[in-house]
Amino acid sequence: MKATDLKNIAIVGGVILLWDPIKKILGFAGATATAGTSLINALSPSQLTQTNLENAPRLYTELIKRPALPLIGGPNKGKMPLLNRFLSDQDCQRMAQFIYDNLNAENYDWDEIYGAFQNLQFGVNDIRCIYAYFGLRREWFWERPKNLYDFFRSDLNREQYAQARIIFYSANIIPNL
């Protein structure tokens, strides 16, 4: 091994070991919105799950202030959707986890998700609650956390995306499908 190789290995190793202090020194973890994103990106999966649970009621409260949009598919196309809640918060939380478990890159099964929605009675506010409980999640440990719509955009093909749009569009969640 050459001396320059050892030097390069030492530099890379030092940067890896000292990355957190370096980020703080460079201001990557300040008190700005960017810092909030940086902190979310740094959360472990269990901390991210806890953050989602804590933030879901606030996010849901914001989402229900938005008017519903007309339905875009099926026999009720153009009609206004139901605003009623048919699912409990726990059901919405379980549905958010079910979507993640079946949309995650390791266990991808959109047909399972779509079938569950076909057999489920739900209203716009249930969709909003599911979205709120989904929160931000990682598909891969090295990626930044994504919301439900980011998962849809990155993982679904054109036909599947159209199916997701039929389910979620009327909830008028920004960013919308």
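Among the conditions (1) farther than 26 Å from Arg158 by Cβ; (2) modelled with pLDDT of 90 or more, Asp111 misses just one, which is (1). What number of residues in the range 109-134 are buried (at least 22 other Cβ atoms within 10 Å of the Cβ), among the hydroxyl-bearing types (Ser, Thr, Tyr) and either free of Cβ contacts under 8 Å to residues at least 60 places away in the same chain or within 18 Å of Gln160 (Cα to Cα) (or both)? Qualifying residue count for the region: 1. Among the residues making up the range 146-175, those that are among the acidic types (Asp, Glu) and closer than 13 Å to Trp110 by Cβ are Asp155, Glu159.
Listed conditions (1) farther than 24 Å from Gln47 by Cβ; (2) in contact (Cβ under 8 Å) with a residue 60 or more places away in the chain are all met by Pro75, apart from (2). Tell me whether the range 155-175 contains one or more residues that are touching a residue at least 24 places away in the same chain (Cβ under 8 Å), β-branched (Val, Ile, Thr) and in a helix (DSSP H, G or I). Yes: the range 155-175 contains one or more residues that are touching a residue at least 24 places away in the same chain (Cβ under 8 Å), β-branched (Val, Ile, Thr) and in a helix (DSSP H, G or I).
Mind listing whichever residues of the range 152-177 are in contact with a Phe, Trp or Tyr (Cβ under 8 Å, 6 or more places away or on another chain) and crowded, with 17+ Cβ neighbours inside 10 Å? Once the filter is applied, which keeps residues that are in contact with a Phe, Trp or Tyr (Cβ under 8 Å, 6 or more places away or on another chain) and crowded, with 17+ Cβ neighbours inside 10 Å, the range 152-177 yields Phe152, Asp155, Leu156, Gln163, Ala164, Ile167, Phe168, Ala171, Ile173, Leu177. Considering Arg138, Arg144, the condition of being surrounded by fewer than 16 Cβ atoms within 10 Å (Cβ to Cβ), modelled with pLDDT under 90 and within 13 Å of the chain's Cα centre (by Cα) is satisfied by Arg144 alone. The residue that is farthest from Val124 (Cα to Cα), counting only those in the range 73-88 that are within 23 Å of the chain's Cα centre (by Cα) and surrounded by fewer than 16 Cβ atoms within 10 Å (Cβ to Cβ), is Ser88.
The values are calculated or read from the model by the stated rules, or taken from the named source; none is laboratory data. No experiment lies behind these values; they were computed from the predicted model shown. Reconstructed Cβ throughout: ideal geometry from the backbone, glycine too, with neighbour counts over all protein chains shown.
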